[in-house]
Amino acid sequence: MKIASWNVNSIRQRLDHVKTWIGVHQPDLLFLQELKAEEFPFSEFPDLTCIVKGQKTYNGVAILARHPVTLILNALPGDDDDAQARYLEVEYQGIHYINIYLPNGNPVGTEKYTYKLAWMDRLAARLKLLREGGIPFLVGGDFNIIPEDKDCFDPLVWQNDALFLPESRGKFRQLLNLGLTDAFRVFNQDAHQYTFWDYQAGAWQRDLGIRIDHFLLSPTLADKLIRCTIDRAPRGLEKASDHTPIIVEIA
DNA sequence: ATGGTTGGAAGCCAA
């Protein structure tokens, strides 16, 4: 199984990039975040099963599948008043595949930050339930978390940011402490392995990025991990998203 | 300390 995740920052603006990338890489599942649209262009993907949670203007997630996956959840449990489209959970051959667009949380000190932390607690509760039920799962997407100092070009720049504060990173470690594996770090311990580069100040050209898109695997899936890589190529295209795809392969 | 960029919406917010 080849699963990829890509924050596309508007599906309308990135439609050609996405279609081309699928044609080259042929993923079994593609997780998309930040569709920024209520409607999804289903007719552009006639060969794929598209599971979509759209939202006008903001957020929006989709799972594009080459297989007949079953929708389990299209919202993260734990807050009935939360209307933001950030969570999709599907099942295929007994494994749950979870696509997340975790809240950014900036500016710190606002309700946006408390929403992020509460969202992470709700995610931990959901994953704990799956672990206790013995259900193997993969959770991937835009976590908006820089796990370690080496996952950004300069820790001093990020030290007061919602993506990097000890409280945020601590909640990310709580997810790992459920027994999950950060798939990318199994194979690559290098610094400067980024998935996002800001549009501003020539961040891409200067390679001033951050690693915030991740795949976490429950133990039985981690045992079958083949590889996990970041494909930097799409970030260099004209009219690129500010994120680039991360790909994981599982036997 | 400020400004730098992109997208979607509406005549600014979110990232």
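The values are calculated or read from the model by the stated rules, or taken from the named source; none is laboratory data. Given the structure is predicted, the values throughout are model-derived calculations rather than measurements. Here the Cβ is made from the backbone with ideal geometry for all residues, glycine too, and neighbour counts use every protein chain on show.
Data overview
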read-out	value
Candidate set: segment A:177-213, residues that are over 18 Å from A:Ile100 (Cβ atoms) and surrounded by 19 or more Cβ atoms within 10 Å (Cβ to Cβ); chosen: the one farthest from the chain's Cα centre (by Cα)	A:Trp204
Residues (out of contact with any Lys or Arg (no Cβ under 7 Å at 6 or more places or on another chain) and either of a type in the set (Lys, Arg) or within 15 Å of A:Asp231 (Cα to Cα) (or both)) located in segment A:169-193	A:Arg169, A:Lys171, A:Arg173, A:Ala183, A:Phe184, A:Arg185, A:Asn188, A:His192
Count of residues meeting criterion [of a type in the set (Val, Ile, Thr), without any contact (Cβ under 8 Å) to a residue 24 or more places away in the chain and either within 13 Å of DNA strand B (Cβ to nearest atom) or assigned to a strand (DSSP E or B) (or both)] in segment A:1-51	2
Answer from A:Leu165, A:Leu208, A:Leu178, A:Leu237 - the residue that is at pLDDT 95 or above, over 28 Å from A:Ile22 (Cα atoms) and within 16 Å of DNA strand B (Cβ to nearest atom)	A:Leu165
Looking only at segment A:58-75, and only at residues there that are within 15 Å of DNA strand B (Cβ to nearest atom) and assigned to a loop (DSSP other than H, G, I, E, B), the one that is nearest to A:Gly134 (Cα to Cα)	A:Gly60
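Table: residues versus (1) away from DNA strand B (no atom under 16 Å from the Cβ); (2) more than 22 Å from A:Pro245 (Cβ to Cβ).
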position: A:Tyr92; (1), (2): yes, no
position: A:Asn104; (1), (2): no, no
position: A:Lys112; (1), (2): no, yes
position: A:Trp119; (1), (2): no, yes
position: A:Lys128; (1), (2): yes, yes
position: A:Ile146; (1), (2): no, no
position: A:Val157; (1), (2): no, yes
position: A:Asp161; (1), (2): no, yes
